[in-house]
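What follows draws every value from the coordinates through simple rules; no lab data is involved. Just so it is clear, the model here is predicted, and its values are computed rather than measured. Here the Cβ positions follow ideal geometry from the backbone for every residue, glycine too, while neighbour counts run over all protein chains shown.
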Amino acid sequence: MNARWFSIFRLCSLAIAAGIAAGTASALFLFMLEEATALQFANPWLLWLLPAGGALVSILYIKVGGQSIRGNNLLFEQVHAGNGEVPFRMAPLVLLGTVVTHLFGGSAGREGTAVQMGGSLAGAIGKRLSLPVEDRRLLLICGISAG
């Protein structure tokens, strides 16, 4: 019985860690998004720079994104059939991409960004702790849902 309680405690601890990471990242994201949107409304001419912003984000994804370019599809594949590994770089890339898009007047969803950040951060926690595959996949689910 003690091993069972330890397992429950361990999994709850991992879920809490994923929630804290995703919640903190989402709070930062929403703050940055508000600032970018306010700046865009105050400077409507920024809309003319939207193509350049899109090109910048695309180049970043191509040059440093790796598997991150696959977005939510990568997350779902890792949950269902993968080993639960998601590159950490996905979190800052999707954050930057969405904020830049809003800054220049583009339209990008917030939910997908939060989901990808939560999954990426949870994946980083699982990798850092060298968790077994099943635990990494469970932690990834926690990060996705927390996002």
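In whole Å, largest first, what are the principal axis extents of the Cα atoms in the stretch 1-78?
Answer, in whole Å and largest first: 65, 28, 17 Å.
Which ³J(HN,Hα) values, rounded to whole Hz and listed in residue order, are derived for the stretch 76-90 from phi using the Karplus coefficients 6.51, -1.76 and 1.60 in 6.51 cos²θ - 1.76 cosθ + 1.60 with θ = phi - 60°, glycine and proline given as x?
Along the stretch 76-90, the couplings run 5, 5, 5, 6, 7, 9, x, 9, x, 8, 10, x, 4, 4, 4 Hz.
What is the fewest-to-most order of V115, V94, V99, V86 by other Cβ atoms lying within 10 Å of their Cβ?
Least crowded to most crowded, the residues run V99, V115, V94, V86.
Counting each DSSP H run of 4 or more residues in the chain as -39500 (n - 2.57), what helix-only mean residue ellipticity at 222 nm follows after dividing by all residues, to the nearest 500 deg cm²/dmol?
After summing the helix terms and dividing by the residues of the chain, the value is -24500 deg cm²/dmol.
Give me the Kirkwood hydrodynamic radius of the chain in Å, from all C-alpha pairs, to one decimal place?
Roughly 16.0 Å, rounded to one decimal.
About the Cα centre of the stretch 34-111, what is the dipole size in debye to 20, counting +1 per Lys and Arg Cβ and -1 per Asp and Glu Cβ, all else neutral?
About 200 debye.
In sequence order, what are the phi-derived ³J(HN,Hα) couplings for the stretch 31-42 according to the Karplus relation 6.51 cos²θ - 1.76 cosθ + 1.60 with θ = phi - 60°, rounded to whole Hz, with x for glycine and proline?
4, 5, 5, 4, 5, 5, 5, 4, 5, 5, 5, 6
For a quick check, take a GNM of the chain with Cα springs below 10 Å and name the residue from G66, G119, G105 with the largest mean-square fluctuation.
Highest fluctuation of the listed residues: G66.
Counting other beta carbons within 10 Å of each residue's own, what order do S120, S58 fall into, fewest first?
S58, S120
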